[in-house]
1. Tell me, what % of the accessible area of the stretch 204-266 is carbon and sulfur with a 1.4 angstrom probe?
2. Using a cut-off of 14 Å between beta-carbons, work out the net charge of the residues near residue 291 (Lys and Arg +1, Asp and Glu -1, residue 291 not included).
3. Give me the percent relative contact order of the stretch 266-359, please, defined on Cα pairs under 8 angstrom at least 6 residues apart.
4. Could you work out the relative contact order of the chain, using alpha carbon pairs under 8 angstrom and six or more residues apart, expressed as a whole percent?
5. Given that compact globular proteins tend to follow 2.2 N^0.38 Å, what is the ratio of the alpha-carbon Rg of the stretch 67-188 to that value?
6. Evaluated at 4 °C with a viscosity of 1.567 mPa s, what Stokes-Einstein diffusion coefficient in µm²/s does the chain have when Rh comes from the Kirkwood expression over alpha-carbon pairs?
7. Over the stretch 265-318, consider all pairs of different Cα atoms and compute the Kirkwood hydrodynamic radius from their mean reciprocal separation; express it in Å, one decimal.
8. How many lysine pairs are close in the chain, with Cα atoms under 27 Å apart and the two 8 or more places apart or on different chains?
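The values are calculated or read from the model by the stated rules, or taken from the named source; none is laboratory data. What you are looking at is a predicted structure, and each value in this text was computed from that prediction instead of being measured. Please note: Cβ atoms are built from the backbone with ideal geometry, for glycine as well, and neighbour counts cover all protein chains shown. For accessibility, only protein heavy atoms count, side chains too; no ligands or nucleic acids. Shrake-Rupley method; radii C 1.70, N 1.55, O 1.52, S 1.80 Å.
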Amino acid sequence: MPVLLAIVLSATAVSSRGAVATAHPLASEVAADVLRRGGNAADAAVAAALALAVVEPQSSGIGGGGFALVYDAREKKVHALDFREVAPGAATPDLFAARGGAPATPSRSLDGGLAVAVPGAVKGYAELARRFGTRSFAALAAPAARLAERGFPASPSYSDAARARLACLAARPAAARELLVAGADGRPAAPAPGERIVRRDLARTLRLLGRDPAAFYRGPLAERIARAARDDGGVLAASDLARYRVRDRAPVEGSYRGYRIVSMGLPSAGGAIVIGLLQALEREAPREGGYRPVRFLHAMAEAEKRLFAKRAALGDPDFVPGAAGVVEEMVSPAYAARLSAELGERARPVAADTPPRDEGKHTTHLSVVDAEGNAVAITTTVNYLFGACVVVPGTGILLNDEMDDFDAAAGAPNAYGLVGTGANAPAAGKTPLSSMAPTLVFAPGGALWLVVGAPGGSTIPTTVAQAISHLVDDGMSLEQALAAPRLHHQWQPDALRVEPNALEAETARALAARGHRLQVAERPWGNAQAVRRRPDGRWEAASDPRYDGAPSAP
Ligand code: DON
(Lines give C-alpha, C1' and ligand atoms only; values in the text may rest on other atoms or scores of the structure.)
Protein backbone atom coordinates (compact mmCIF):
# COMPACT_ATOMS: atom_id res chain seq x y z
CA MET A 1 0.00 0.00 0.00
CA PRO A 2 1.65 3.22 -1.09
CA VAL A 3 2.74 6.20 0.94
CA LEU A 4 3.51 9.21 -1.13
CA LEU A 5 7.18 10.03 -0.74
CA ALA A 6 7.72 13.60 -1.90
CA ILE A 7 10.80 14.29 -3.94
CA VAL A 8 12.04 17.81 -3.58
CA LEU A 9 15.18 19.07 -5.18
CA SER A 10 17.08 21.18 -2.70
CA ALA A 11 20.81 21.59 -2.73
CA THR A 12 23.17 19.61 -0.60
CA ALA A 13 26.61 20.86 0.33
CA VAL A 14 29.39 18.27 -0.04
CA SER A 15 33.03 18.29 1.07
CA SER A 16 35.69 15.98 2.44
CA ARG A 17 36.53 18.74 4.95
CA GLY A 18 33.18 18.60 6.74
CA ALA A 19 29.76 20.15 6.26
CA VAL A 20 27.09 22.06 8.13
CA ALA A 21 23.32 22.47 8.06
CA THR A 22 21.45 25.13 10.01
CA ALA A 23 18.06 26.82 9.79
CA HIS A 24 19.53 29.97 8.23
CA PRO A 25 21.95 30.35 5.29
CA LEU A 26 23.86 33.15 7.03
CA ALA A 27 24.51 30.94 10.08
CA SER A 28 25.56 28.01 7.89
CA GLU A 29 27.96 30.32 6.07
CA VAL A 30 29.44 31.53 9.38
CA ALA A 31 30.06 27.91 10.40
CA ALA A 32 31.53 26.91 7.02
CA ASP A 33 33.86 29.89 7.22
CA VAL A 34 35.10 28.80 10.66
CA LEU A 35 35.78 25.32 9.22
CA ARG A 36 37.56 26.82 6.19
CA ARG A 37 39.89 28.72 8.52
CA GLY A 38 40.83 25.54 10.37
CA GLY A 39 38.34 25.68 13.23
CA ASN A 40 36.81 22.40 14.34
CA ALA A 41 33.17 21.26 14.63
CA ALA A 42 32.74 22.76 18.11
CA ASP A 43 34.09 26.13 16.95
CA ALA A 44 31.79 26.10 13.94
CA ALA A 45 28.75 25.03 15.97
CA VAL A 46 29.24 27.77 18.56
CA ALA A 47 29.73 30.45 15.89
CA ALA A 48 26.59 29.23 14.08
CA ALA A 49 24.49 29.10 17.25
CA LEU A 50 25.48 32.68 18.09
CA ALA A 51 24.70 33.78 14.52
CA LEU A 52 21.27 32.11 14.77
CA ALA A 53 20.67 34.10 17.97
CA VAL A 54 20.93 37.20 15.78
CA VAL A 55 19.16 36.23 12.55
CA GLU A 56 16.61 33.70 13.85
CA PRO A 57 15.50 35.20 17.19
CA GLN A 58 12.04 33.65 16.88
CA SER A 59 13.68 30.27 17.47
CA SER A 60 16.70 30.56 19.72
CA GLY A 61 19.08 33.01 21.31
CA ILE A 62 21.37 33.90 24.17
CA GLY A 63 18.30 34.31 26.39
CA GLY A 64 17.42 30.63 25.85
CA GLY A 65 19.03 27.22 26.31
CA GLY A 66 19.48 23.80 24.78
CA PHE A 67 21.46 20.62 24.39
CA ALA A 68 24.62 19.69 22.51
CA LEU A 69 25.89 16.26 21.58
CA VAL A 70 29.59 16.39 20.83
CA TYR A 71 31.39 13.52 19.13
CA ASP A 72 35.12 13.55 19.76
CA ALA A 73 36.55 11.51 16.87
CA ARG A 74 39.92 10.95 18.56
CA GLU A 75 38.59 9.49 21.80
CA LYS A 76 35.51 8.07 19.97
CA LYS A 77 33.28 9.40 22.70
CA VAL A 78 29.96 11.24 22.76
CA HIS A 79 29.50 14.03 25.33
CA ALA A 80 26.05 15.40 26.12
CA LEU A 81 25.97 18.98 27.39
CA ASP A 82 22.82 20.27 29.07
CA PHE A 83 22.61 24.05 28.98
CA ARG A 84 18.84 24.11 29.17
CA GLU A 85 17.08 26.69 31.30
CA VAL A 86 16.11 25.91 34.89
CA ALA A 87 13.27 27.34 36.97
CA PRO A 88 14.09 30.38 39.11
CA GLY A 89 14.54 29.85 42.85
CA ALA A 90 11.14 31.39 43.53
CA ALA A 91 9.30 28.83 41.37
CA THR A 92 6.73 26.60 43.07
CA PRO A 93 4.56 23.78 41.68
CA ASP A 94 1.49 26.04 41.65
CA LEU A 95 3.23 28.96 39.92
CA PHE A 96 0.80 28.78 37.02
CA ALA A 97 -2.04 27.02 38.79
CA ALA A 98 -5.58 28.29 39.11
CA ARG A 99 -6.01 31.12 41.60
CA GLY A 100 -9.07 30.99 43.86
CA GLY A 101 -10.81 28.44 41.70
CA ALA A 102 -10.28 30.44 38.49
CA PRO A 103 -8.81 28.47 35.61
CA ALA A 104 -5.06 28.79 35.05
CA THR A 105 -4.14 31.32 32.36
CA PRO A 106 -1.99 29.47 29.86
CA SER A 107 -0.56 32.70 28.47
CA ARG A 108 1.25 33.49 31.75
CA SER A 109 3.62 30.59 31.05
CA LEU A 110 4.16 31.76 27.46
CA ASP A 111 4.11 35.58 27.38
CA GLY A 112 5.90 37.89 29.78
CA GLY A 113 8.22 37.72 32.77
CA LEU A 114 6.76 34.77 34.66
CA ALA A 115 7.40 32.53 31.64
CA VAL A 116 11.16 33.18 31.83
CA ALA A 117 13.46 30.41 33.09
CA VAL A 118 17.16 30.96 33.88
CA PRO A 119 18.93 31.08 30.49
CA GLY A 120 21.81 28.66 29.91
CA ALA A 121 22.84 29.34 26.31
CA VAL A 122 25.81 31.64 26.94
CA LYS A 123 27.40 29.32 29.53
CA GLY A 124 26.63 26.37 27.26
CA TYR A 125 28.26 27.84 24.16
CA ALA A 126 31.23 29.15 26.15
CA GLU A 127 31.78 25.76 27.75
CA LEU A 128 31.44 23.99 24.40
CA ALA A 129 34.09 26.29 22.95
CA ARG A 130 36.41 26.00 25.95
CA ARG A 131 36.24 22.20 26.31
CA PHE A 132 36.00 21.12 22.69
CA GLY A 133 36.94 24.07 20.50
CA THR A 134 40.21 25.62 19.39
CA ARG A 135 39.22 29.30 19.05
CA SER A 136 38.58 32.01 21.61
CA PHE A 137 34.94 32.67 22.46
CA ALA A 138 35.50 36.26 21.31
CA ALA A 139 36.53 35.04 17.85
CA LEU A 140 33.42 32.82 17.65
CA ALA A 141 31.08 35.62 18.76
CA ALA A 142 32.58 38.12 16.29
CA PRO A 143 30.69 37.00 13.13
CA ALA A 144 27.37 37.11 15.02
CA ALA A 145 28.17 40.59 16.35
CA ARG A 146 28.96 41.74 12.80
CA LEU A 147 25.63 40.38 11.51
CA ALA A 148 23.78 42.16 14.31
CA GLU A 149 25.57 45.43 13.68
CA ARG A 150 25.32 45.49 9.89
CA GLY A 151 21.84 44.04 9.82
CA PHE A 152 20.29 41.21 7.85
CA PRO A 153 17.15 40.70 5.78
CA ALA A 154 14.22 39.25 7.73
CA SER A 155 13.63 35.69 6.52
CA PRO A 156 10.13 34.54 5.57
CA SER A 157 9.98 32.59 8.86
CA TYR A 158 11.04 35.66 10.87
CA SER A 159 8.34 37.68 9.17
CA ASP A 160 5.64 35.03 9.76
CA ALA A 161 6.66 34.59 13.38
CA ALA A 162 6.64 38.34 14.02
CA ARG A 163 3.12 38.53 12.59
CA ALA A 164 2.02 35.63 14.79
CA ARG A 165 3.50 37.28 17.91
CA LEU A 166 2.77 40.90 16.99
CA ALA A 167 0.48 41.64 19.95
CA CYS A 168 2.90 40.12 22.47
CA LEU A 169 5.95 41.93 21.04
CA ALA A 170 4.26 45.25 20.27
CA ALA A 171 2.95 45.49 23.86
CA ARG A 172 6.56 45.64 25.07
CA PRO A 173 8.53 48.70 23.88
CA ALA A 174 11.99 47.11 24.26
CA ALA A 175 10.88 44.05 22.29
CA ALA A 176 9.18 46.14 19.63
CA ARG A 177 12.28 48.27 19.19
CA GLU A 178 14.59 45.26 18.96
CA LEU A 179 12.54 42.89 16.81
CA LEU A 180 9.84 44.78 14.91
CA VAL A 181 9.91 47.63 12.40
CA ALA A 182 7.87 50.83 12.12
CA GLY A 183 4.71 50.24 10.10
CA ALA A 184 3.14 52.70 7.66
CA ASP A 185 1.10 54.20 10.53
CA GLY A 186 4.23 54.54 12.67
CA ARG A 187 3.15 51.72 14.97
CA PRO A 188 5.33 48.60 15.50
CA ALA A 189 4.82 46.08 12.71
CA ALA A 190 6.20 42.75 11.57
CA PRO A 191 8.94 43.18 8.97
CA ALA A 192 8.15 42.01 5.45
CA PRO A 193 10.42 39.22 4.20
CA GLY A 194 13.65 40.84 3.09
CA GLU A 195 13.19 43.94 5.23
CA ARG A 196 16.40 44.88 7.06
CA ILE A 197 16.77 44.26 10.79
CA VAL A 198 19.66 45.89 12.64
CA ARG A 199 20.46 44.86 16.23
CA ARG A 200 23.15 47.21 17.52
CA ASP A 201 22.45 46.59 21.22
CA LEU A 202 22.82 42.86 20.66
CA ALA A 203 26.07 43.43 18.75
CA ARG A 204 27.48 45.26 21.77
CA THR A 205 26.29 42.55 24.15
CA LEU A 206 27.81 39.80 21.99
CA ARG A 207 31.18 41.58 21.95
CA LEU A 208 31.07 41.99 25.73
CA LEU A 209 30.16 38.32 26.22
CA GLY A 210 32.82 37.29 23.71
CA ARG A 211 35.42 38.81 26.02
CA ASP A 212 33.73 37.61 29.21
CA PRO A 213 30.82 35.14 28.96
CA ALA A 214 30.51 35.12 32.75
CA ALA A 215 29.25 38.71 32.52
CA PHE A 216 25.83 37.31 31.62
CA TYR A 217 25.64 35.62 35.02
CA ARG A 218 27.16 38.12 37.45
CA GLY A 219 27.28 41.87 37.86
CA PRO A 220 25.38 44.64 36.10
CA LEU A 221 24.20 42.64 33.07
CA ALA A 222 22.81 39.83 35.27
CA GLU A 223 21.02 42.47 37.38
CA ARG A 224 19.46 43.98 34.26
CA ILE A 225 18.32 40.60 32.94
CA ALA A 226 16.64 39.71 36.23
CA ARG A 227 15.06 43.17 36.48
CA ALA A 228 13.60 42.92 32.97
CA ALA A 229 11.84 39.65 33.85
CA ARG A 230 10.64 41.00 37.21
CA ASP A 231 9.40 44.28 35.70
CA ASP A 232 7.24 42.11 33.44
CA GLY A 233 5.66 40.14 36.28
CA GLY A 234 8.39 37.50 36.67
CA VAL A 235 10.37 36.11 39.59
CA LEU A 236 13.89 35.79 38.09
CA ALA A 237 16.64 36.93 40.48
CA ALA A 238 20.28 37.79 39.77
CA SER A 239 21.18 35.03 42.25
CA ASP A 240 19.45 32.50 39.94
CA LEU A 241 21.84 33.51 37.18
CA ALA A 242 24.86 33.31 39.51
CA ARG A 243 23.86 29.74 40.46
CA TYR A 244 23.40 28.51 36.86
CA ARG A 245 25.60 25.55 35.84
CA VAL A 246 26.00 23.60 32.59
CA ARG A 247 25.59 19.89 33.24
CA ASP A 248 27.17 16.82 31.63
CA ARG A 249 24.44 14.26 31.02
CA ALA A 250 24.43 10.63 30.00
CA PRO A 251 23.22 10.28 26.41
CA VAL A 252 20.76 7.48 25.60
CA GLU A 253 21.77 4.71 23.22
CA GLY A 254 20.06 2.11 21.12
CA SER A 255 20.20 0.55 17.70
CA TYR A 256 18.22 0.29 14.49
CA ARG A 257 18.97 -2.44 11.97
CA GLY A 258 22.64 -2.51 12.94
CA TYR A 259 23.08 1.27 13.19
CA ARG A 260 23.98 2.65 16.63
CA ILE A 261 21.81 5.59 17.68
CA VAL A 262 22.99 8.05 20.35
CA SER A 263 20.62 10.81 21.41
CA MET A 264 19.85 13.23 24.24
CA GLY A 265 18.81 11.73 27.56
CA LEU A 266 17.00 13.34 30.48
CA PRO A 267 16.02 16.11 31.06
CA SER A 268 14.87 15.46 27.50
CA ALA A 269 12.41 12.72 26.68
CA GLY A 270 13.23 13.20 23.01
CA GLY A 271 16.11 10.74 22.68
CA ALA A 272 14.25 7.96 24.50
CA ILE A 273 11.30 8.37 22.13
CA VAL A 274 13.55 8.38 19.02
CA ILE A 275 15.25 5.17 20.13
CA GLY A 276 12.18 3.46 21.58
CA LEU A 277 10.28 4.15 18.38
CA LEU A 278 12.98 2.92 16.00
CA GLN A 279 13.58 -0.21 18.06
CA ALA A 280 9.84 -0.96 18.08
CA LEU A 281 9.84 -0.74 14.28
CA GLU A 282 12.77 -3.08 13.81
CA ARG A 283 10.53 -6.14 13.55
CA GLU A 284 8.33 -4.57 10.88
CA ALA A 285 9.02 -4.77 7.16
CA PRO A 286 9.66 -1.18 6.09
CA ARG A 287 9.01 -1.75 2.40
CA GLU A 288 6.71 -3.78 0.24
CA GLY A 289 7.02 -3.45 -3.53
CA GLY A 290 8.80 -0.12 -3.10
CA TYR A 291 6.21 1.31 -0.71
CA ARG A 292 5.71 1.74 3.03
CA PRO A 293 3.29 -0.93 4.21
CA VAL A 294 0.28 0.27 6.18
CA ARG A 295 1.25 -2.21 8.88
CA PHE A 296 4.53 -0.26 9.41
CA LEU A 297 2.65 3.04 9.82
CA HIS A 298 0.18 1.36 12.18
CA ALA A 299 3.06 0.00 14.28
CA MET A 300 4.66 3.44 14.28
CA ALA A 301 1.52 5.20 15.54
CA GLU A 302 0.94 2.57 18.22
CA ALA A 303 4.55 2.72 19.47
CA GLU A 304 4.37 6.53 19.54
CA LYS A 305 1.24 6.42 21.72
CA ARG A 306 2.85 4.06 24.20
CA LEU A 307 6.10 6.03 24.34
CA PHE A 308 4.36 9.40 24.79
CA ALA A 309 2.21 7.90 27.54
CA LYS A 310 5.45 6.92 29.32
CA ARG A 311 6.77 10.43 28.75
CA ALA A 312 3.97 11.78 30.95
CA ALA A 313 5.70 10.31 34.01
CA LEU A 314 9.09 11.89 33.24
CA GLY A 315 10.71 14.97 34.72
CA ASP A 316 14.12 16.36 35.69
CA PRO A 317 16.05 13.30 36.93
CA ASP A 318 17.56 15.34 39.77
CA PHE A 319 14.03 15.85 41.14
CA VAL A 320 12.19 12.73 39.97
CA PRO A 321 14.06 9.65 41.20
CA GLY A 322 12.10 7.22 39.03
CA ALA A 323 12.62 9.07 35.74
CA ALA A 324 15.95 7.46 34.77
CA GLY A 325 14.45 4.00 35.19
CA VAL A 326 11.53 4.85 32.91
CA VAL A 327 13.91 6.07 30.20
CA GLU A 328 16.03 2.93 30.61
CA GLU A 329 12.90 0.88 30.03
CA MET A 330 11.84 2.94 26.98
CA VAL A 331 15.15 2.29 25.19
CA SER A 332 15.52 -1.36 26.24
CA PRO A 333 15.26 -4.16 23.65
CA ALA A 334 12.82 -5.92 26.00
CA TYR A 335 10.41 -2.99 25.81
CA ALA A 336 10.60 -2.96 22.01
CA ALA A 337 9.86 -6.68 22.00
CA ARG A 338 6.86 -6.09 24.26
CA LEU A 339 5.48 -3.34 22.02
CA SER A 340 5.77 -5.68 19.04
CA ALA A 341 4.18 -8.58 20.89
CA GLU A 342 1.28 -6.42 22.05
CA LEU A 343 0.67 -4.82 18.66
CA GLY A 344 -2.76 -5.86 17.44
CA GLU A 345 -4.36 -5.25 14.08
CA ARG A 346 -6.36 -2.28 15.41
CA ALA A 347 -5.43 1.02 17.03
CA ARG A 348 -5.73 1.01 20.82
CA PRO A 349 -8.03 3.77 21.95
CA VAL A 350 -6.56 6.60 24.02
CA ALA A 351 -8.55 7.73 27.03
CA ALA A 352 -8.54 11.50 27.14
CA ASP A 353 -8.65 14.11 24.42
CA THR A 354 -6.96 17.46 24.43
CA PRO A 355 -6.60 19.59 21.33
CA PRO A 356 -3.12 20.04 19.82
CA ARG A 357 -2.20 23.67 19.93
CA ASP A 358 0.90 24.02 17.89
CA GLU A 359 2.80 22.19 15.22
CA GLY A 360 5.80 24.40 15.56
CA LYS A 361 8.90 25.24 13.64
CA HIS A 362 10.47 27.53 16.22
CA THR A 363 13.47 26.23 18.14
CA THR A 364 16.45 25.46 15.98
CA HIS A 365 18.75 22.57 15.23
CA LEU A 366 22.21 22.64 13.69
CA SER A 367 24.46 19.78 12.61
CA VAL A 368 28.21 20.16 11.96
CA VAL A 369 31.02 17.76 11.06
CA ASP A 370 34.65 18.79 10.55
CA ALA A 371 37.55 17.38 8.52
CA GLU A 372 38.65 15.12 11.41
CA GLY A 373 35.17 13.63 11.73
CA ASN A 374 34.33 15.43 14.97
CA ALA A 375 30.65 16.31 15.11
CA VAL A 376 28.33 18.60 17.03
CA ALA A 377 24.53 18.43 17.10
CA ILE A 378 22.87 21.33 18.90
CA THR A 379 19.16 21.78 19.43
CA THR A 380 18.54 25.10 21.14
CA THR A 381 15.51 27.26 21.79
CA VAL A 382 13.76 30.18 23.41
CA ASN A 383 10.74 27.82 23.35
CA TYR A 384 7.68 29.46 21.77
CA LEU A 385 8.07 31.97 18.88
CA PHE A 386 10.18 34.89 20.18
CA GLY A 387 10.17 33.28 23.66
CA ALA A 388 8.45 35.37 26.32
CA CYS A 389 8.56 38.53 24.12
CA VAL A 390 10.66 40.12 26.88
CA VAL A 391 13.77 42.00 25.72
CA VAL A 392 16.25 43.26 28.32
CA PRO A 393 16.34 47.02 27.60
CA GLY A 394 19.53 48.24 25.97
CA THR A 395 21.04 44.76 25.52
CA GLY A 396 19.18 43.09 22.65
CA ILE A 397 18.74 39.97 24.82
CA LEU A 398 15.39 38.25 24.19
CA LEU A 399 14.28 36.04 27.08
CA ASN A 400 12.82 32.53 26.74
CA ASP A 401 9.44 31.19 27.86
CA GLU A 402 10.75 27.74 28.74
CA MET A 403 8.58 27.66 31.92
CA ASP A 404 5.73 26.51 29.65
CA ASP A 405 7.55 23.18 29.21
CA PHE A 406 6.62 22.37 32.82
CA ASP A 407 3.18 20.94 33.56
CA ALA A 408 1.10 23.91 34.73
CA ALA A 409 -1.01 21.27 36.47
CA ALA A 410 -1.25 17.49 36.17
CA GLY A 411 -3.14 16.73 32.97
CA ALA A 412 -3.06 20.32 31.65
CA PRO A 413 -1.59 20.46 28.12
CA ASN A 414 1.28 22.84 27.34
CA ALA A 415 1.77 24.74 24.06
CA TYR A 416 2.50 21.47 22.26
CA GLY A 417 -0.51 19.65 23.70
CA LEU A 418 1.80 17.56 25.93
CA VAL A 419 0.43 16.44 29.26
CA GLY A 420 2.14 15.09 32.35
CA THR A 421 1.23 13.44 35.62
CA GLY A 422 2.93 15.99 37.85
CA ALA A 423 6.53 14.69 37.74
CA ASN A 424 7.24 17.68 35.51
CA ALA A 425 5.76 20.33 37.83
CA PRO A 426 7.80 23.53 38.32
CA ALA A 427 10.17 23.71 41.29
CA ALA A 428 13.14 25.89 42.22
CA GLY A 429 16.20 25.01 40.13
CA LYS A 430 14.36 22.26 38.24
CA THR A 431 14.76 21.74 34.48
CA PRO A 432 11.52 21.50 32.49
CA LEU A 433 11.14 18.28 30.53
CA SER A 434 12.12 18.69 26.88
CA SER A 435 11.46 16.91 23.60
CA MET A 436 14.65 18.09 21.91
CA ALA A 437 16.67 15.26 20.40
CA PRO A 438 20.03 16.10 18.84
CA THR A 439 21.05 12.69 17.50
CA LEU A 440 24.14 10.91 16.16
CA VAL A 441 23.96 7.70 14.16
CA PHE A 442 26.93 5.35 13.68
CA ALA A 443 27.13 2.91 10.77
CA PRO A 444 27.29 -0.84 11.44
CA GLY A 445 31.12 -0.72 11.22
CA GLY A 446 31.16 1.90 14.01
CA ALA A 447 32.00 5.03 11.99
CA LEU A 448 29.99 8.21 12.46
CA TRP A 449 27.34 8.26 9.72
CA LEU A 450 24.66 10.85 10.46
CA VAL A 451 24.15 13.99 12.57
CA VAL A 452 20.51 15.04 12.75
CA GLY A 453 17.90 16.96 14.73
CA ALA A 454 14.87 19.19 14.40
CA PRO A 455 12.60 21.68 16.14
CA GLY A 456 8.86 21.19 16.50
CA GLY A 457 8.06 20.69 20.21
CA SER A 458 6.38 17.32 20.70
CA THR A 459 6.97 16.38 17.03
CA ILE A 460 10.78 16.52 17.38
CA PRO A 461 11.43 12.84 18.17
CA THR A 462 9.01 11.52 15.55
CA THR A 463 10.56 13.82 12.93
CA VAL A 464 14.07 12.59 13.78
CA ALA A 465 13.06 8.91 13.84
CA GLN A 466 11.28 9.18 10.47
CA ALA A 467 14.32 10.84 8.86
CA ILE A 468 16.54 8.02 10.15
CA SER A 469 14.10 5.37 8.88
CA HIS A 470 13.96 6.95 5.41
CA LEU A 471 17.75 6.86 5.20
CA VAL A 472 18.21 3.37 6.62
CA ASP A 473 15.11 1.68 5.20
CA ASP A 474 14.45 3.49 1.95
CA GLY A 475 17.94 4.42 0.80
CA MET A 476 16.73 7.97 0.24
CA SER A 477 19.07 10.82 -0.46
CA LEU A 478 19.58 13.16 2.49
CA GLU A 479 17.31 15.84 0.97
CA GLN A 480 14.59 13.31 0.25
CA ALA A 481 14.73 11.95 3.79
CA LEU A 482 14.25 15.44 5.25
CA ALA A 483 11.58 16.35 2.68
CA ALA A 484 9.47 13.21 3.08
CA PRO A 485 6.01 13.88 4.57
CA ARG A 486 5.62 13.21 8.31
CA LEU A 487 3.12 11.48 10.58
CA HIS A 488 2.85 12.06 14.32
CA HIS A 489 0.95 10.62 17.29
CA GLN A 490 1.63 11.85 20.82
CA TRP A 491 -0.86 9.75 22.85
CA GLN A 492 -2.96 12.76 23.71
CA PRO A 493 -4.87 13.95 21.81
CA ASP A 494 -5.88 10.67 20.18
CA ALA A 495 -5.09 11.83 16.67
CA LEU A 496 -2.67 10.58 14.07
CA ARG A 497 -1.56 13.88 12.63
CA VAL A 498 -0.39 13.79 9.04
CA GLU A 499 1.19 16.51 6.99
CA PRO A 500 -0.80 17.80 4.01
CA ASN A 501 -0.52 15.33 1.11
CA ALA A 502 1.43 12.83 3.24
CA LEU A 503 -0.81 9.87 2.53
CA GLU A 504 -2.49 8.56 -0.55
CA ALA A 505 -6.24 8.17 -0.11
CA GLU A 506 -5.99 4.40 -0.06
CA THR A 507 -3.43 4.43 2.76
CA ALA A 508 -5.47 6.93 4.77
CA ARG A 509 -8.55 4.70 4.39
CA ALA A 510 -6.60 1.61 5.45
CA LEU A 511 -5.31 3.36 8.58
CA ALA A 512 -8.78 4.67 9.42
CA ALA A 513 -10.14 1.14 9.00
CA ARG A 514 -7.68 0.04 11.70
CA GLY A 515 -9.16 2.61 14.06
CA HIS A 516 -6.67 5.49 13.65
CA ARG A 517 -8.19 8.95 13.90
CA LEU A 518 -6.41 10.79 11.12
CA GLN A 519 -6.09 14.53 11.30
CA VAL A 520 -4.55 16.35 8.35
CA ALA A 521 -2.51 19.28 9.65
CA GLU A 522 -2.96 22.70 8.07
CA ARG A 523 0.77 23.21 7.76
CA PRO A 524 3.81 20.95 7.61
CA TRP A 525 6.03 20.82 10.69
CA GLY A 526 9.66 20.33 11.66
CA ASN A 527 12.77 21.94 10.27
CA ALA A 528 15.34 19.15 10.30
CA GLN A 529 19.03 19.79 9.62
CA ALA A 530 21.41 16.93 8.90
CA VAL A 531 24.94 15.97 7.85
CA ARG A 532 25.74 12.49 6.57
CA ARG A 533 28.81 10.59 5.44
CA ARG A 534 28.49 9.56 1.79
CA PRO A 535 29.68 6.21 0.46
CA ASP A 536 32.72 8.02 -1.05
CA GLY A 537 33.67 9.23 2.46
CA ARG A 538 32.82 12.86 1.88
CA TRP A 539 30.30 14.70 4.09
CA GLU A 540 27.05 16.05 2.76
CA ALA A 541 24.67 18.44 4.51
CA ALA A 542 21.02 19.17 3.80
CA SER A 543 18.32 21.41 5.24
CA ASP A 544 14.62 20.74 5.55
CA PRO A 545 12.97 22.23 2.43
CA ARG A 546 9.95 23.35 4.50
CA TYR A 547 11.65 26.50 5.81
CA ASP A 548 14.59 28.86 5.27
CA GLY A 549 17.60 26.71 6.11
CA ALA A 550 20.48 25.95 3.78
CA PRO A 551 23.53 23.73 4.08
CA SER A 552 27.11 24.84 3.53
CA ALA A 553 30.54 23.24 3.39
CA PRO A 554 34.13 24.50 3.72
O1 DON B 1 12.35 21.67 24.81
C2 DON B 1 11.32 21.50 24.17
O3 DON B 1 10.86 20.40 23.94
C4 DON B 1 10.60 22.69 23.61
N5 DON B 1 10.90 23.87 24.37
C6 DON B 1 11.00 22.83 22.18
C7 DON B 1 10.21 23.91 21.51
C8 DON B 1 10.14 23.77 20.07
O9 DON B 1 10.66 22.86 19.46
C10 DON B 1 9.35 24.79 19.39
N11 DON B 1 9.27 24.48 18.02
N12 DON B 1 8.33 24.25 17.46
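1. 49 percent
2. Working: positive: 287, 292, 295; negative: 284, 288, 473, 474, 504, 506.
My count for the surroundings of residue 291 gives -3.
3. Numbers: 77 pairs, mean separation 35.3, N = 94.
After rounding, I find 38 percent.
4. Values: 1475 pairs, mean separation 146.5, N = 554.
With pairs under 8 Å counted, the relative contact order is 26 percent.
5. Relative to the 2.2 N^0.38 Å estimate, the stretch 67-188 comes out at 1.44.
6. On the way: Rh = 22.9 Å.
This corresponds to a translational diffusion coefficient of 56 µm²/s.
7. Numbers: mean 1/r = 0.0820 Å⁻¹.
Hydrodynamic radius (Kirkwood, Cα pairs) of the stretch 265-318 is 12.2 Å.
8. Lysine pairs meeting both conditions in the chain amount to 9.
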